[in-house]
Amino acid sequence: MPGKTPDREPARGGNNNNNNKMKGKGKKGEDEKMTVVVPPSKKKEDVEGDVVVMEGVENEGEGEDPVEKTVADIKSNFALLDRAVALFDARFTLRALRSVSSIRKRLTGDVLARVVAETYMASSSGAEIAVGLLKAIGREEVQLGGKVGGGGGEMEIDSEPTTKAGSGKNGVKKEQKEVIPEIGVFLGILTQVLLHDGKQWQQGLEFSRYLIEKIQELNRRTLDGLSAKVYFYFELFAEQLAPLPPSSQSTIVAIRPTLLAALRTAVLRKDTDTQASVIVLLLRSYLLTSHISQADLLVSHTQFPENAANNQVARYLYYLGKVRAIQLLYTEAHNHLTAATRKAPSSACALGFGQTATKLLLVVELLMGDIPDRATFRQPAMEASLHPYFLLVRAVRVGDLEDFESVVAQHGDTFRRDGTYTLILRLRQNVIKTGIRMMSLSYSRISLRDICIRLHLGSEESAEYIVAKAIRDGVIEATLDREKGYMKSKEVGDVYATSEPGETFHDRIRACLSLHDESVKAMRFPMNQHRLELKNAQEAREREREMAKEIQEGDLDEDDLGGEFEGM
Amino acid sequence: MADRQLTTLLTQLRTPSLPFPQSTTLLSKAKLLLLQLSALTPSPTILPANLTLAREVYELGALHSLRAKNPDSFTRYVSQLQPFYELPPSAFSSPSQNQNKVTALWLLFLLTQGRYTEFHSDLEGLSTRGSVAEVENDKFLGYPIKLERWLMEGAYDRVWKAMKKGEVPSEEFGVLCEVLTPQIRREIASSSERAYPSLPFLSAQSLLFLDSEGAVVDFAHSRGWVIKDRTIYFPTAAELNADEEGEQEQEKEVGQMVIENTLGYARQLETIV
């Protein structure tokens, strides 16, 4: 198997093209294998099988002890990573990453140290990263290569050189295999999680730097999914360090060059996972320090990968929506934010994102002159956090300027924390417009003085200008009479006489159709299933041909057939 | 050596009444000196004192070019100042006297240009400097923010009052307000066209903030308004005609759109079923 050997070697050169070609070959080999049932002669498969079986046993046997179980859980992911590398399928990597959140709650330094110690041998090629891992969690004293505190460690270290020299020779000793770098990076992510939960920001940042360096050295495409996660925590650590983000001296400004370089590399290598993740992180970083124009430039100069993970798309849309809202492009912002709230996972773990996105969406809707649906505020998970916004919407809906000002004053801190304060300040004019619209709908004729009093405007003069502007902007259909000082409303036209219903109808149909298209595109078919069918078909055809040949030659006479019948 | 020369140049430049040609020569001399100090753009190796000098040169440059009504040069100076304002206060030997003023002028400048997107982007960036209330209550920074809010509301009379001679925070703002005046008048005119069927002369004069009846006549002519019996009639009928033609065209378009849409649905249905 020529395609496989380079896959297994942890330290590969930077020759990308070559690797990819090799990978392609390897993949082909794998495909062929898939049609056959696991061949027992292949050594690699053997190892994989071993791991899986072993894990199964461990899971069953030691399910009682939480530490043992966590160790086993972490290790069970190694099999997934192994397979991800072997089959070059990112789905297995994603599955491993998904388990991080469940492991997270039970993760401790000791557990991680034990896993690292048990996974790595002191002189294997991955040991360097293992030492780095142990150092980061403050357990340098742990010996590599064996159970913690067990006596077996030293013995194995002694015999290491021989095992390394010919990994094929030592059939007698315990199976000694090279630890793939993916496992190292996976353990690195767990370390990052641990440091993050332990609020060790500085160590976390340093360790992340180290890990990123390692990933760049390794340069393996199977690491892509993992490295996206590594960058994610890198940014998180930087955000927590003093001086905190709104200041322009924050650490996140300092790490931007690293992220930008990572983005460039990711784009060149068509590494969509890292690309999507880093674009989102950069946008977040720019918005945290209010560098709106830079964020805008980033968006216009990069292309967000189409097949990025759903969560990244949701985040990207949210940040994009925020940028557009600040830039007064409310329609665009509204589209992005609606998509973001819809794409956000509905489970409880993403509740925070859902709330934040919904808050921003509500403000943008108000800015567009729409009144958000009341049902939005009734969702049990959102109700409490959306309450200030509910009051805000109520004030805007009625067009009561005084009420609006008092809501803003009362909940100013909440809005500031949500980052919607400056947007909400812009709402003032919408409140006035709504107020005028309400007046125009309720009265066929009203004096400017009354408008001024009702809407709490400064003076009659202001009221006149404001109403005139509202008329020009198409907010109301009315005329002003200067001498007598009143506003006269025109008859409201019939909406169904315009093309508006048709347009709305068209929009909805288009949404349905695109949903259908997307679902068709999202369907997954087993890889190369058709090949199996083809093979079967070909075999059948060959059999038929043989039979035809035999009939032609006269070998197959009726006796033979009869015999077969009897046999059946 | 060079920094001492620069200090003397700066004292000369600080007099606001300096004629423009003289200030330009002084500024270019100052920039040459900055080049000798290699403090033209900020970098971590520059001494705080030199950075402070560089910042002041650019700030004065911006103010002088504004007084001379040179928008291009003003834009250039402000963009050169941006990296300086990004630096922490500890990087300079003394805090800037003019930072808020220059920023506020820049915001007002963006308003006069109708660049609202940039205006709001930069406004968002100000929130990093302090709380929103602090920014709004600042003598300089609060001014463009208030103006923008009133402009958006349509409270033009307040804008007008704020732009009067005594109300502007400093002399440079007056320069920009002069640019803003005809723009506001145009806004008022376009909303009046829609809002009033007709308008007496005197009302028009006060509405548009014009000084004399002659000015009203000139303005009315420039907008194509009809004047009859000391009353302005806005061109409603003509406009309606134009609108009707437009509507007919629109109707045609609507018909075509309906056909196109329906055909599209049919095609899509075919692929689905």
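Before moving on, here are some points about what is shown:
- Kirkwood-based shape ratio for region B:16-88, expressed as Rg/Rh from alpha carbons: 0.97
- Remark: mean inter-chain Cβ contacts per residue of A:470-481 equal 4, using a 10 Å Cβ-Cβ cutoff to other protein chain atoms.
- Summary of packing: across the peptides A:368-376, B:70-78, the per-residue average of other C-beta atoms within 10 Å ranks them, highest first, as B:70-78, A:368-376.
- Order of A:551, A:292 - criterion: other Cβ atoms within 10 Å of each residue's Cβ, fewest first: A:551, A:292
- Shape category assigned to region B:1-130 from the gyration tensor of Cα positions, a/c cut at 1.5: oblate
- Neighbour counting of Cβ atoms within 10 Å sorts the residues B:101, A:75, fewest neighbours leading, into A:75, B:101.
- Three-way shape label, region A:272-361, alpha-carbon gyration tensor, a/c 1.5: oblate
- For region A:443-493, size of Cβ-based charge dipole, Lys and Arg +1, Asp and Glu -1, in debye: 60 debye
- Average partner coverage of A:251-258, which counts Cβ from other chains inside 10 Å: 0
- Expected-Rg normalisation [2.2 N^0.38 Å, Cα atoms] applied to region A:443-493: 1.04
- Cα-only Debye scattering, chain B: base-10 log of I(q)/I(0) at q = 0.12, 0.14, 0.15, 0.17 Å⁻¹: -0.85, -1.00, -1.09, -1.29
- Packing rank of A:278-284, B:36-42, A:110-116, where each peptide gets the mean count of other beta carbons within 10 Å, highest leading: A:278-284, A:110-116, B:36-42
- Database remark: amide H of residue B:226 closer than 5 angstrom to the amide H of B:233 (H placed geometrically; neighbours at sequence offset of 5 or more, or on other chains; Pro and chain starts carry no H).
- Note on region A:509-523 and region B:60-103: Cα centroid distance 53 Å, given to the nearest whole angstrom.
- Distribution of pairwise C-alpha distances over region A:217-285, 10 Å bins, in %: 22, 52, 21, 5
- Point-charge dipole on Cβ atoms (K/R +1, D/E -1) for chain B, about Cα centre, debye to 20: 1560 debye
- The 3J(HN,Hα) values that the Karplus relation (6.51, -1.76, 1.60; θ = phi - 60°) gives for region B:44-59 are, in residue order, x, 7, 6, 5, x, 4, 5, 4, 4, 4, 4, 4, 5, 4, 5, 4 Hz. Gly and Pro appear as x.
- Rounded Å value of the spacing that divides the Cα centres of region A:270-323 and region A:417-471: 37 Å
- Around the amide H of residue A:478, modelled in the peptide plane, lie the amide H atoms of A:490, all under 5 Å away and 5 or more residues distant in sequence or on another chain.
- ³J(HN,Hα), Karplus 6.51/-1.76/1.60, whole Hz, each residue of region A:283-291, x for Gly, Pro: 4, 4, 4, 5, 5, 5, 9, 6, 8
- Our coupling estimate for region A:425-433, obtained by passing each phi through the Karplus curve with A = 6.51, B = -1.76, C = 1.60 and θ = phi - 60°, is 4, 5, 5, 3, 5, 5, 4, 4, 4 Hz, Gly and Pro reported as x.
- Of the residues B:33, B:5, B:92, the one whose Cα sits farthest towards the positive end of the charge dipole of chain B is B:5 (charges of +1 on Lys and Arg Cβ, -1 on Asp and Glu Cβ, taken about the Cα centre).
- Flagged links, alpha-carbon separation over 21 Å, of A:433/A:490; B:101/B:164; A:105/A:322; A:105/A:199; A:469/B:146; B:101/B:146: A:105/A:322
- Under 5 Å from the amide H of residue A:486 lie the amide H atoms of A:448, A:481, each residue being 5 or more positions distant or on a separate chain, with H modelled from the backbone and absent for Pro and chain starts.
- Other protein chain Cβ atoms within 10 Å, averaged over every residue that makes up B:189-202: 5
Read the figures in this text as sums done on the coordinates, not as results from a lab. Predicted model, so just to flag it, every value in this text is computed and none were measured. Using ideal geometry, Cβ is built from the backbone for each residue, glycine included, and neighbour counts are taken over all protein chains shown.
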